[in-house]
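Derivation of every value follows stated rules applied to the coordinates shown; laboratory data play no part. Computed from a prediction, not measured in an experiment: that's the story for all the values here. Note that we place each Cβ from the backbone using ideal geometry, even for glycine, and neighbour counts take in every protein chain shown.
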Amino acid sequence: MKNLFDRFRQTGEAPSKTPAASPSRGRAAEFDRPASKPANPVFPTKVFREFIEMLSRKDRPVILDLGALIGSNVEYFFNLGVKVHVEDLVGSYQNHRYWNLVEGQMLFDEPRFLEENLMYPASTFDGVIVWDLLNFIEPKFARSFVQRITLMTKLGGGVLAFVHTQNPQGPTPINKYRLVDDSSLEYIPSEASLEFKKTYQTRDITQLFVDYPGMKFHLLKHNILEVLLKKE
Amino acid sequence: MWRTRKTEEEKDPLVIRKEEPPLSPFEEKKPMEPRFEPRPNPVREEVVNIGKSVYIKGELSGDEDLTIEGRVEGRIELKAHNLVIGPNGRINAEVCAKNVTIIGSVVGNITGSEIVEIRASGSVVGDIKSPRISIADGAHFKGSVDMQKGSEEPKKPEFSKPETVKPSIDPVPLKTQIK
């Protein structure tokens, strides 16, 4: 099936985000929403285009988006012909059902969380987008989280992550990232009440993602490290 | 208001139009009036509304647009028509329609032959198959979106087979793509 990836391959033009249009939507057409302009800071991204290029080489690519839901991002990949699975781990991680009070301390129920949110068959996804979740989950959970993702990622697939390399000054909400185009991201502070846990440097990522020999790092001006990891 | 009902009659064979006897010269000619025969299933011509107090369990199918504000469990099929799940709608069903708009809540897989839209207050837990989608900011969604109908569920690969990478057609070097 000819899709936008074919045009991307031939011309190098990334598909622009066009609003869904259908002439026969009846009453629902009354509620069409206008295209929104970024209301938050927009930063360049270098790895997204590479991530999309990697997907474009797959036959019927399938990705997993683990961040807070941004509908336009899902639409973006959908319009590229990518099958998108969405798991809002930001929302799930805050769910009290995964936190148990044990001897005066709140303990995270890792097995239950993984079973209820990341129980996909092995080698399901060509791409997994982690966003900046790593900075906001318990560091000891990060390893089993990465192991689970590794299992679900196909050989030749990739993981895309954004990690903070410096401790923030003051309360820092986890971000939602809206794709403005294939080289720009709007950073949207979310309302999620997740606490910043740990910074990650290049060596930390290398140690965490041991099954990913292919790694690309781009450090942006605002101390966000963009990481594209390829499972080969 | 006078409205022709030919299309209706063609759709619904239960509507029987009674033949009017010819007027005798002694009868007064009555003014032109719209004539409506009682129909066994009175429904609106254009959109059917299921109110919020209604609970349906089973298969719901039809041949006109439908707005649901109530609860439905089972299956909803409106192949050539539009389905709107209103803000009070609570659906636990497989859904299949031409255009599907979710303002309430759906738990179940959704197939739209034209478009599936999730509004800001909408919530979907399930897989969506449609050639077009629209997901508003603030919507809740857990599942997958796929453009192709009948796509297979993910299955375990054979690890003994190496992944083959298909070369792209007419590859363009990345350098030339940078603006």
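Points to keep in mind about this one:
- Applied to the stretch B:132-147, the Karplus parametrisation 6.51 cos²θ - 1.76 cosθ + 1.60 on θ = phi - 60° returns per-residue 3J(HN,Hα) values of 9, 9, 8, 10, 7, 4, x, 5, 10, 8, 9, x, 10, 10, 9, 7 Hz, with x for Gly and Pro.
- Positive-end extreme of charge dipole, the stretch A:120-232 - chosen from A:Thr165, A:Leu185, A:His222 (charges on Cβ): A:Thr165
- Amide proton proximity set for B:Val48, modelled H, under 5 Å, gap of 5+: B:Asp65, B:Leu66, B:Thr67
- Taking other C-beta atoms within 10 angstrom as a stand-in for reagent exposure, B:Val47, B:Val95 fall in the order B:Val47, B:Val95, fewest first.
- Between amide H atoms placed 1.01 Å from N, distances below 5 Å from A:Thr124 occur with A:Thr153, A:Lys154, all of them 5 or more places distant or on a separate chain.
- From least to most packed, judged by other beta carbons within 10 angstrom and beginning with the fewest, A:Lys154, A:Lys221, A:Lys216 follow the order A:Lys221, A:Lys216, A:Lys154.
- For the stretch B:42-81, GluC sites (Glu not before Pro) meeting the loop criterion (DSSP other than H, G, I, E, B) and having at most 15 other Cβ atoms within 10 Å: B:Glu45, B:Glu46, B:Glu64.
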